Amino acid sequence: MRSMWILPIFQDQQFVAPGRNEVVWNQSPHFEDRPLGAVVDTIVLHHTAGQSLAGTVAWFASQESQVSAHFTVGRDGSIVQHVSTYLRAWHAGASLDAFGRSSVNGFSVGIEIDHPGVSGVPYTTEQVEAVEHLVSVLVRRFPIKVITSHMFVAVPIGRKIDPIEYPWHTLFRFGVEIVP
Ligand SMILES: [Zn+2]
């Protein structure tokens with residue numbers, strides 16, 4: 001008989017970046033059920049405007065932050081998952097999408113990209129590849145129809161600018177609508 005594993009939630013776990021295209025789970029306490037009947041069809045990209053991957057991981061894990069995302073991608077291409085994609089993470093806040101739908105968190109997957117959030121700092125090849133890797137998995141798991149930016153969906157308009165200067169063309173090949 002096979003044993004069952006229940007993943008424990010460590011509040012003070014030591015974070016170690018897993019490396020390029022590798023995934024590690026670091027649970028955030030900030031999530032809830034998705035709305036009844038919600039269809040996950042949207043991916044929202046963000047930059048962290050933070051100092052480091054470890055800093056973002058600690059922020060999402062802290063009780064005080066009241067924010068989370070499903071994934072954060074480090075500059076070395078490390079992927080950290082904070083919330084199950086079947087649950088609602090708290091990344092987009094007050095929001096309205098290209099189809100006139102509000103509360104985008106309810107039907108989206110949020111991907112944070114470790115980046116200082118200032119103009120002229122390129123995203124690394126490793127993290128752009130890691131985002132492509134995540135998108136390639138998500139479009140198979142969910143009926144994704146659009147990949148958009150926090151800047152586009154945030155309300156009021158101008159509240160957010162992320163992910164600044166992201167190379168959106170790297171996502172064209174997935175055949176879903178890109179709304180930067
Ligand atoms: Zn954002």
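Any read-out appearing in this document is the output of simple, stated calculations on the displayed coordinates, not a laboratory observation. Being a predicted model, the structure only gives us computed values, none of them experimental. Cβ: placed from backbone, ideal geometry, glycine included. Neighbour counts: every protein chain shown.
Tell me, Thr72, Thr85 in order of fewest to most beta-carbon neighbours within 10 Å?
On the way: Thr72 27, Thr85 19.
Placing the least packed residue first, the sequence is Thr85, Thr72.
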Q.
From the helices alone, meaning DSSP H stretches of at least four residues, give me the mean residue ellipticity at 222 nm for the chain, per-run term -39500 (n - 2.57), in deg cm²/dmol to the nearest 500.
A. -5000 deg cm²/dmol
**Q.** Computed Kirkwood radius, in angstrom, where 1/r is averaged over Cα pairs of region 101-180
**A.** 13.5
Q: Two decimals is fine: what's Rg over Rh for the chain, C-alpha atoms, Kirkwood radius as Rh?
A: 0.95
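If the only charges are +1 at each Lys and Arg Cβ and -1 at each Asp and Glu Cβ, what is the size of the charge dipole of the chain around the Cα centre, to the nearest 20 debye? Spell out each step's value before the answer.
Details: 12 positive and 16 negative charges, 90 e Å.
It comes to approximately 440 debye.
Highest first, please rank the peptides 55-62, 154-161, 32-39 by the mean number of other Cβ atoms sitting within 10 Å of their residues.
Details: 55-62: 19.2, 154-161: 13.8, 32-39: 11.4.
Packing proxy ranking, top to bottom: 55-62, 154-161, 32-39.
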Q. Which of these, Ser108, Ser84, Ser65, has the largest mean-square fluctuation under a Gaussian network model of the chain (Cα springs below 10 Å)?
A. Ser65
Q: Using amide H atoms built 1.01 Å from N in the peptide plane, name the residues 5+ places from Gly117, or on other chains, whose amide H lies under 5 Å from its own.
A: Ala49
Q) So how far, in whole Å, is the C-alpha centre of region 140-179 from the one of region 37-82? A) 15
